[in-house]
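Worksheet for the structure shown next.
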Amino acid sequence: MPRFPDTIARALRFRGSRALLAAVIIAGWLGLLWSQTPVPAPFRTFDQPLYLGIAYDLQHLHRFTDGSGFATLHLDPARPPGMEIMPLYPAFLAATAMLDPAFDRSLRCFVEQSDNPSCANRAPLPRTLQLVMVGAVYLMLWRIAVRATCSPRVGALSLAVGLLAAPILVRGASMLMTETLSLCLITAATAAAVEAAKARRVLCWVLLSGVMLGLTAMTRPAFVYLLPAAGIAGACLALIRPRPVRGLALVATFLLGGAVVIAPWVVRNAIVLSHPAMTSGYAALVLAQRVAFNLMTWPQYAKFYLCGLPDGNGMGNLLLGPNACEPFQYEYRPGTFYWIGNHTFMQQTITAAGGAQHQFDYLLHQYILAHPLWHALVSIPMALRGLWIDHYWGLILAVLCVPLTWRAVRRGDDALLAATLPGWFMLAFHGAVAVNQERYNLILLLPFSLAGGVALERVWQRHASALRRRMSHQSIGRRGQPAIDDAGAEERRLRLPL
């Protein structure tokens with residue numbers, strides 16, 4: 001009879017081999033996709049200049065600034081300190097520029113020559129590291145699925161489902177923006193929370209989860225709201241469970257982990273800028289873009305649901321007429337709500353508020369708190385718009401994820417709750433405060449893949465059960481008993497003693 005330590009050793013080796021196999025599959029698939037990825041977009045594309053400008057100032061001026069903001073990129077040695085953007089991603093870019101000469105030359109040219117067309121956009125080190133982060137996300141996804149369901153098969157199926165959406169993440173890894181880093185960090189926070197629900201050393205995992213969530217918030221400020229939301233949810237669960245004091249202590253540890261990471265940045269802002277907050281100015285800009293959509297009429301509101309679907313533009317043109325979905329596009333073109341939010345509505349609200357520093361409070365009181373029902377109604381299709389990650393992949397899995405989340409709530413399954421609820425919360429939050437986009441909600445990759453894995457496992461079990469019954473019937477037939485095709489007769493036969 002094998003000794004107990006030998007059994008444990010063999011189990012660990014088996015688990016290690018499964019993790020290694022998962023890592024090899026992930027690396028192979030991502031490497032193949034990376035080799036097929038088109039040439040990265042120029043540095044001027046999307047919000048890349050925002051982060052690159054701050055990274056340049058951090059590297060050369062040795063201080064966090066606001067860069068050139070959304071204006072034309074330019075060099076300004078006298079640029080003052082700022083706090084418009086969270087610091088972790090610009091710090092990542094600055095650090096990689098110091099280690100990567102090719103990226104450093106491209107960054108210098110891009111800033112010092114104000115985006116001269118002759119400047120290259122090479123960034124091999126940060127882009128490679130972001131591809132590694134994507135691989136880490138998938139490896140953690142596999143681990144989350146295995147631990148949350150206690151099923152290696154569900155883990156493998158969830159990984160397979162998740163890898164179907166890998167082209168989206170690989171393309172994002174070529175962009176020097178915050179999505180890849182924030183997804184990696186929030187996945188680590190989720191993995192630690194799932195481990196806390198399953199492991200014995202709960203305190204360490206809870207603390208790690210809070211720290212990882214704090215780092216995520218230091219990358220994208222929207223995630224700071226997930227910290228108190230998770231704390232409130234955890235406190236409610238603790239109060240209805242045995243040993244509530246222990247549960248509340250774990251919640252406090254989680255919040256402490258996040259606060260310890262965020263606090264130094266807030267203290268810096270208080271000392272340097274006399275503003276003890278996480279950001280300044282960016283929240284008002286984003287909220288103005290979102291609140292501009294509240295200006296839509298009821299007929300436009302009905303169209304918004306259709307236009308927000310995958311391929312909604314095509315369906316809108318087919319069902320409602322040409323350019324029916326144009327007002328809802330995120331383009332700087334007169335007539336779109338996005339353009340209005342960035343131009344006429346932006347200027348009107350700044351003037352009405354008495355200055356940009358008062359704009360956020362003005363928008364909050366005059367457009368949200370004064371009309372809460374309408375704001376909530378518009379937030380529904382706005383949230384749905386950011387739900388369809390990779391189009392129909394997200395549509396199908398969202399339908400499967402809703403009952404999975406509901407069952408986790410009913411059963412009080414802490415591991416599944418940790419894996420599913422944060423994504424839904426962030427989806428609702430982004431729909432309420434921002435012009436919601438799929439890249440804001442990549443955290444939903446985790447619960448969606450898990451829901452797909454669980455669904456495929458059930459299909460597997462049904463087919464396996466049917467196959468076993470069929471083989472059992474054939475075995476009975478070979479022993480000389482007649483095969484029975486009639487369902488009622490089969491049921492009667494199975495009740496007979498064999």
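Every number here is computed from the coordinates shown, using simple stated rules; none is lab data. As the structure is a computational prediction, the values presented were derived from the model and not from experiment. FYI the Cβ positions are ideal-geometry reconstructions off the backbone, even for glycines, and counts take in every protein chain you see.
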DSSP loop trypsin sites (Lys or Arg not before Pro) with at most 13 other Cβ within 10 Å: longest gap in the chain = 202-478
Diffing the stretch 400-411: the Karplus 3J(HN,Hα) column from phi (6.51, -1.76, 1.60, θ = phi - 60°), in whole Hz with x for Gly and Pro, holds 6, 6, 4, x, 4, 5, 5, 5, 5, 5, 5, 8
Here the relative contact order (percent) of the stretch 48-122, from C-alpha pairs under 8 Å and at least 6 apart, is 31
At 7 Å along the Cα-to-beta-carbon direction for both SER17 and TYR332, put a label point, then send me their distance in nm to one decimal.
-> 5.7
For the stretch 409-475, whose charge dipole is built from +1 on Lys and Arg Cβ atoms and -1 on Asp and Glu Cβ atoms, the candidate among ASN436, TRP460, MET471 with its Cα farthest towards the positive end is MET471
With the 8 Å Cα cutoff and a minimum separation of six or more residues, the chain has a relative contact order in percent of 14
Using alpha carbons only, how many degrees (0 to 90, rounded to 10) separate the axis of helix 298-307 from the longest principal axis of the chain?
-> 60
Toy charge model, Lys and Arg Cβ at +1, Asp and Glu Cβ at -1: the chain dipole around Cα centroid in debye, rounded to 20, equals 2620
Length gained when the stretch ASP361-LEU203 is fully extended (0.36 nm per residue, less Cα-Cα span) | 53.0 nm
Going residue by residue through the stretch 121-127, the Karplus relation 6.51 cos²θ - 1.76 cosθ + 1.60 with θ = phi - 60° gives ³J(HN,Hα) values, rounded to whole Hz and with x marking Gly or Pro, of 10, 7, 8, x, 5, x, 5
Calculated from DSSP helices alone, with each H run of at least 4 adding -39500 (n - 2.57) and the total divided by the residues of the chain, [θ]222 nm to the nearest 500 comes to -22500 deg cm²/dmol
With Cα coordinates, the longest principal axis of the chain makes an angle with the long axis of helix 88-99, in degrees rounded to 10, of 80
Would you mind getting me the FRET efficiency between THR297 and GLN36? Use the beta-carbon distance for r and R0 = 35 Å, nearest 0.05.
-> 0.20
Cα centroid of the stretch 96-149 to Cα centroid of the stretch 403-463, whole Å | 27
How far is helix 152-163 tilted, in degrees, relative to the longest principal axis of the Cα atoms in the chain, given as a value from 0 to 90 rounded to the nearest 10?
-> 40
Projecting the Cα atoms of PHE103, LEU139, ALA19 onto the charge dipole of the chain, where Lys and Arg contribute +1 and Asp and Glu -1 at Cβ, the residue farthest towards the positive end is ALA19
The extension gain from LEU395 to ARG108, computed as 0.36 nm times the residue separation minus the Cα-Cα distance, is 99.1 nm
